[in-house]
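Each reported figure results from applying straightforward, stated rules to the coordinates on display, with no laboratory input. Model, not experiment: these values are computed from the prediction. Note that each Cβ is placed from the backbone with ideal geometry, even for glycine, and that neighbours are counted across all protein chains shown.
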Amino acid sequence: MPTFRFAAFIVLAGQLLFARQPPNETDRLIAIGRLWVTVNYFHPYLAYRDIDWDQALVDSLPKMRGAGGSAEYAASIESMLDALHDPSTYAVVEGPQHEGGSLKIDKRPDGALIVSQSPASAQDADMADELIQAIRSSRNIVFDLRGGELLSILLDRPDIQATLTSVPFDTPGQRTWIHNGLASDFASRFYYSGFEAKPGIHITPDSQAAAHELVFILGENSHLPAIACALRAAGKATVRESLHYQVNGVETVAIPMGEGVAAVVRLSEPLPNNGSGLPPYPSPQPDRAYAASRYPSPEYRILAAYKVWAVFRYFFAYRDLMDEDWDDVFARFLPKFVDAKDAREYNLTVSEMVAQVADSHASVQSEELAEYFGKAPVGLRLRLIEKKPVITEILDDDAKKAGVQVGDIVSKVDGESIVDRFNRESPYVSSSTPQWHGYRIVERILNGPEGSMAALSVGGQDGRLREVSLKRSSSYAAALRNQRTGEVIKFLPGNIGYADLDRLNPDEVDSMFEKFRNAKAIVFDMRGYPHGTAWSIAPRLTDRKDVAAAIFTGPLSLTPDLPNGEALTSSASYFFVQRLPATDKWKYNGKTVMLIDERTIGQAEHMGLFFAAANKTEFIGTPSAGADGDVTNFVVPGGITIYFSGRDVRYANGGKLQQLGLQPAVSVAPTIKGIRGGRDEVLERALEYVTNGEIAETGSRTVAR
């Protein structure tokens, strides 16, 4: 073992001696969570062995929570770690440690050599030379490693290793389990887990080396030299194992558990060789559905808190943009998971914790939450216009018969003020920007149970307040997904092409360009969500090759982010520049603009990056949702699925998109007056711009002239 790791373990032991104080429930659970998460994502056995690590936690949690002292606490932790069947992962109660030590070299009359060790206050500088001479003159050697770590460290010195073999060979290489984002069935094309291999050390015997019969004896928490592992694997040494021991060359981390207890966790294992039985590739267990109960036991609720904390800590692309330290969020919410009194409170707690990440892609879905927010909409489209919930489209004929009109404002739903309902639902919606937050809540604020009647208070242009009862039905959902009706591709006055990218399909792109071949300009309406057409439209807007379109970065989880040796914290990431696809089809060289607003999210914003890179397409409208980044997901107990952004996506020049959104060059928002007049003021301004000219700066905003 390298000396800096030994010294770090001594420092840790000293810290633990001062940590023996009465346990705090939350502090203890946080320590257990840190341990469980470290094993879950970084212990190599979890990459391929059939180990029910969730169940190990659930079964052991009552004992760990109720343990009365350091010894009992360590034993309860050990009961969880035993599920791994790994002698190098275990719990210890710390006592005084000695950095130094002395050797006892006992040469028996029969020629056998027994080398043992004992703690001491200082090391003898000549011990290594004496040991080398003793090894060279002996054939049968026993190394007793039960008295400390000194002998193990000495045996892994290159000059001493060279005396233990008469033939050259390599110590075992090591592999660690690493993660490129969070792999899931939902996002398997973007993210994966794998093994990182590190080579062993080549050992060349010295000129006086001879064959030996070697035995290594281990005690509890002994350190087995890397050379001993290599010799055992080659059939040239015997190891008498103890229940728990560490192996030099195998990466481990010591996790303080509080109360004078630590847990040692394996992070690497020897590379597989012929006959080892180790699979070359990881095949971890997939996420469970956890659907047995909407209100799982306290142990499973704690497991859920651990997973939410861990996934966003290691795999969320935008953790650096969060307003509050995620570890502090975890400490604040963990008691809420424990104390949740029923299924609804538990599900809402999960939603509220996820909302803290401020990511418009982050959403929490479950049957319980669907019932709380309402599964079925009414036949009205509602948007926040001038900060008021305005009806912008009517699908329900009964609403029309009741006198409801486009432009009316909803003030109550089911006897509850629309403002109160907005504020009640607000804490459970994760949002990168205020514009998305308002849109997401208002989009479903009238929802309720399938077939139920929504009692609405609606105010109209005439000043009258109407009490309207409308039936909720999931049959409206499909129509509400399309933001507009009418022709998808058409000409507007002045030879201006118009394409509704919310409804345009990839197989319609070529015919769209043929139709608009001679158009003066094209207005791309991206106030909604596209159908993957960015990759076929953008290349038709430029003659340039190898155009940089966007920058991607994402988290690489190579090691636990815990103090270890000289490292206080650690993180890693990857980086690549995405280019526009190539095409040999003819290119459109006219002016293009793209209409955006709060409904423009994810792939729609990425389309904006593509168009801006291709021909500097101008954006017109209001800022977009501010969330791009290849969504991935995971599942927690209660049948709850959580989605979030797995990659950080930026403009090709490095400009920020997350929590900002695409910014319009021409800023224009719809008004209540315009809605009531049947006007599309954003489209009108776009036509004015492409028809009349350039953009002029006017104070802090821009206008068309």
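Some observations on this one:
- Of 444, 424, 464, 383, the sequence from fewest to most neighbouring Cβ atoms within 10 angstrom is 464, 424, 444, 383.
- For the chain, the longest principal axis of the alpha carbon atoms and the long axis of helix 3-17 meet at an angle near 80°.
- FRET efficiency estimate (nearest 0.05) - Cβ-Cβ, residue 568 to residue 474, R0 45 angstrom: 0.30
- Computed 3J(HN,Hα) for the stretch 588-593, one whole-Hz value per residue from the Karplus formula 6.51 cos²θ - 1.76 cosθ + 1.60 where θ = phi - 60°, is 8, 10, x, 6, 9, 9, glycine and proline marked x.
- Calculated from backbone phi, Karplus (6.51, -1.76, 1.60) coupling profile of the stretch 379-388 in Hz, x at Gly/Pro: x, 9, 9, 10, 9, 7, 10, 6, 6, 10
- In this simple spin-label model, placing a label point 7 Å from the Cα along the Cα-to-Cβ direction at both residue 692 and residue 392 gives a separation of 2.4 nm.
- The relative contact order of the stretch 489-704 comes to 18 percent, based on Cα pairs under 8 Å that sit 6 or more residues apart.
- Other-chain or far-sequence residues with amide H under 5 Å of residue 466's (modelled H): 458, 459, 460
- Taking 0.36 nm per residue of separation and subtracting the Cα-Cα distance, full extension of the segment from residue 515 to residue 240 would add 90.9 nm.
- Computed from Cα atoms, the angle from the helix 298-315 axis to the main principal axis of the chain rounds to 80 degrees.
- Taking amide H atoms as placed 1.01 Å from N in the peptide plane, the amide H of residue 268 lies under 5 Å from those of 251, each 5 or more residues away in sequence or on another chain.
- Taking chymotrypsin sites (Phe, Trp or Tyr not before Pro) as exposed when DSSP calls them loop and at most 16 other C-beta atoms lie within 10 angstrom, the chain has its longest site-free stretch at 19-585.
- A straight Cα-to-Cα reach below 20 Å connects residue 236 with none of the lysines, residues fewer than 8 places away in its own chain not being considered.
- For the stretch 398-490: rounded, prolate or oblate by the Cα gyration tensor [a/c cutoff 1.5]: rounded
- For the stretch 510-524, Karplus couplings with θ = phi - 60° (6.51, -1.76, 1.60), whole Hz, Gly/Pro x: 4, 5, 4, 5, 5, 5, 9, 3, 10, 5, 5, 7, 10, 9, 9
- Here the extension length gained between residue 332 and residue 208 equals 38.3 nm, from 0.36 nm per residue of separation less the Cα-Cα distance.
- Calculated Cα Rg over 2.2 N^0.38 Å (choose from [x] 0.99; [y] 1.23; [z] 1.05), label: [y]
- 5 angstrom amide H check on residue 631, placed H, neighbours 5+ away: 646
- Relative contact order computed over the stretch 186-310 (Cα-Cα under 8 Å; 6+ residues apart), in percent: 18
- Once the Cα atoms are used to define both axes, helix 681-692 deviates from the longest principal axis of the chain by about 80 degrees.
- Relative contact order of the chain, pairs being alpha-carbon contacts under 8 Å that are 6 or more residues apart, as %: 12
- When the pairs 401/471; 375/412; 307/341; 388/412; 515/673; 515/587 are compared against a 24 Å limit on Cα-Cα distance, 515/673 fall above it.
- Note on residue 653 and residue 75: the extension gain reaches 202.6 nm, defined as 0.36 nm multiplied by sequence separation minus the Cα-Cα distance.
- Centre-to-centre, using Cα atoms only, the stretch 211-272 and the stretch 150-196 are separated by 13 Å.
- Sorting 531, 85 by the number of Cβ atoms found within 10 Å of their own Cβ, with the fewest placed first, yields 85, 531.
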